[in-house]
1. Before we move on, is Ser445 over 21 Å from Arg348 (Cα atoms) and under 31 Å from the mean Cα position of the chain (by Cα)?
2. Residues to consider are Ser436, Ser458; find the one that is in a loop (DSSP other than H, G, I, E, B) and loosely packed, with under 15 Cβ neighbours inside 10 Å.
3. Taking into account only those residues within the range 178-198 that are of a type in the set (Gly, Ala, Ser), in contact with a strand residue (DSSP E or B) (Cβ under 7 Å, 6 or more places away or on another chain) and more than 14 Å from Glu157 (Cβ to Cβ), which is surrounded by the most Cβ atoms within 10 Å (Cβ to Cβ)?
4. When only residues in the range 212-233 that are without any contact (Cβ under 8 Å) to a residue 40 or more places away in the chain and part of a strand (DSSP E or B) count, which is surrounded by the most Cβ atoms within 10 Å (Cβ to Cβ)?
5. Answer with yes or no whether Phe105 is out of contact with any strand residue (DSSP E or B) (no Cβ under 8 Å at 6 or more places or on another chain), open to solvent by 10 Å² or more (accessible area, probe 1.4 Å) and hydrophobic (A, V, I, L, M, F, W, C).
6. For Tyr395, which of the numbered conditions (1) of a type outside the set (Lys, Arg); (2) assigned to a loop (DSSP other than H, G, I, E, B); (3) surrounded by fewer than 15 Cβ atoms within 10 Å (Cβ to Cβ) fails to hold?
7. Out of all the residues in the range 211-222, is one or more touching a strand residue (DSSP E or B) at 6+ places or on another chain (Cβ under 8 Å), of a type in the set (S, T, N, Q) and closer than 26 Å to Tyr120 by Cβ?
8. Hey, could you check the range 295-323 for residues that are part of a loop (DSSP other than H, G, I, E, B) and within 20 Å of Val374 (Cβ to Cβ) and say which is nearest to the chain's Cα centre (by Cα)?
Amino acid sequence: MKILKDRNSLWLLTSFLITLVGAPLSLDAETFWYSVANNEVTITEYEGTEESVVIPDTINGLPVTRIGAEAFLESGTLQSLTLGENVRSIEFAAFRDCTNLREVFFGDALTSVGEYAFAYCDSLQSITLPSKLTELGDGVFSGSGLIRIDIPHLITEIGHYAFTNCYDLAEVVIGDRVASIGVNAFSHCSSLKSLSIPDAVTSIGDHAFSSCTGLESVTIGKGLTWIDFKAFTACTKLERIAFEGDAPALNASVFEDSPNGVVYYTADSSGWDPTFGGLPTAQWFPYTYDVIEGEAAITGYIGAGRRIELPDEIEGLPVSSIADEAFLDEDNLISVGLSDSISSVGDRVFWGCDRLIGIFVNQSNSTFSSRRGVLFDKEMATLLIYPPGKLGQYYVPGSVSTIADDAFAYTVELATIKFDEGLETLGNRAFLNSSSLESVILPASLISLGEEVFTGCSELEHIYFAGNAPAHG
C-alpha cells in the first residue's frame, strides 16, 4: 500500500507499488506530490530519500505523463531513476542539482526535456536519450558529469547553454537534423578533442564552443551559413577547422585566442580567401587515400556528411577502389553513393556502420549495381553487401545465386530473410554477428554453405531448409 498526495483534491490511498531497484517494494508515506489535469498525472514534488526510484506508468489508472518543474530539485540521495513508459515531458529543472544521480532510464514516450532539467548532476556520466525525443531545453545538461552524448535524430536545435561546463564531455554525436547550435551550447567542454558538425546545421551561436581548451579538430558539413561572435574563441589547441561547403558568413572574433588553427576547404566549394576569420586557409579532401598504380584507393572518411557521394577523382587521380575497412565503425553514415569509376570494394568496408541504410550505384557503373540500397555485382547474380542498419525483413531477388563472404555481417536491424529458388551458395561468415536476425528460410536450390555462416547470431531461432542438406565448409 502507498499513500500519495494529490494536490487537486485529498490524499488518496492507492494499491499500487512503486518498484525500487535494490529496495523494498514500498515507500514511506508522503513521498510524491502529484496533480491531475485532463486525466493525466504530473509528479510535482518528491519528498523521499531513496537511492533508486521508478516512476510508475499510472496512478489510480491514470497515466503519469509529466515530471513537473523542480519536482526532484536537489534530491541529494537519488542515484538511479527509471521513468514510466507514459512520461512524455520532463519540465524545468526537474532534476537539477541531483548531485549523486548516476543513471537515468527513459521510456520510449519521452519527447521533451525542459530547461536545466539535469543541470549540475555532476555524477551523471552516461545517458541514452530516446529516439522520439524532439526537444532539449536550454541548459538541459549544463554542469553535468557527462562523458558522451548522442543527440537523437529528431532534435532540430541544441539550446543555449545546453552542455556548457560539462568538463568531462569527450565525445559528442550531433543528430543529422540539428539545424542550429545555440549560444554557449558547448562552452568550457575542455575534454572535447574532435567534433563533426553535420550538413543540416546552418548556424553556430555565439560562444558555442568557446574555451573548449582541448579541442583540436572540427569538421563542418555543407549546410553552414553563419558563425556567430566568438564561437570558437579561446580554443587554444584548435589546429584544424575543415569545411565541406562554401564559406559561411561570420561575426567578429570567431577564432579569437585560437592562434594555431588552419581553415581547410574542399576543391568544389566557393567563397574562400587566403584567410578566414583571421586564420590561414588551405584546400583539403574529406577522404584519406593511397595511390596504387596512378589511381586512388579510398582508405577512410574524415568528413562530417551523413549521406555521402564518393568522388570520381581526388587531386586529379581517378578513384578506382575502396580499401579494406575504409569506413569501419563510421556509425554516423546513413548512405553512400559509389562513383562510376569505382571497380573494387574491399573487405569489411562497412562493418560497424550501424546507421547505414543504403549503398547506391549509378547505372553507368560497369562493375556494380544496387537495388533498394543493397550492393550487387553488375548482373545482380551476387549479393555483395547488405547495409548494417537497413531495417526489418528482406526478400533476396530471384536473380541472386551467390551470397558473398560477409555480405550480411554485423547487421543490427535485419530480422528475417527469405531467398528465392536459384540461390546456390552462401559464402563464409555471410551472417556473422547479425545481432537482430531471428529467422532464415533457405531454398531447395542451395548446394553450398560456407564456414561460420551464422556465427554470433544471438537472436536466431529458426533456420528452415526447403531442400536437401547442402555441402558445408
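The values are calculated or read from the model by the stated rules, or taken from the named source; none is laboratory data. Just so we're clear, the structure is a prediction, and the values are computed from it rather than from any experiment. So basically every Cβ, Gly included, is an ideal-geometry build from the backbone, and we count neighbours across all protein chains shown. These area figures cover heavy atoms from the full protein model, side chains too; ligands, DNA and RNA do not enter into them. Shrake-Rupley method; radii C 1.70, N 1.55, O 1.52, S 1.80 Å.
1. The answer is no for Ser445.
2. Ser458
3. Ser196
4. Applying the filter and picking the extreme gives Val218.
5. no
6. Among (1) of a type outside the set (Lys, Arg); (2) assigned to a loop (DSSP other than H, G, I, E, B); (3) surrounded by fewer than 15 Cβ atoms within 10 Å (Cβ to Cβ), the lone unmet condition for Tyr395 is (2).
7. No, the range 211-222 contains no residue that is touching a strand residue (DSSP E or B) at 6+ places or on another chain (Cβ under 8 Å), of a type in the set (S, T, N, Q) and closer than 26 Å to Tyr120 by Cβ.
8. By that ranking, first place goes to Arg306.
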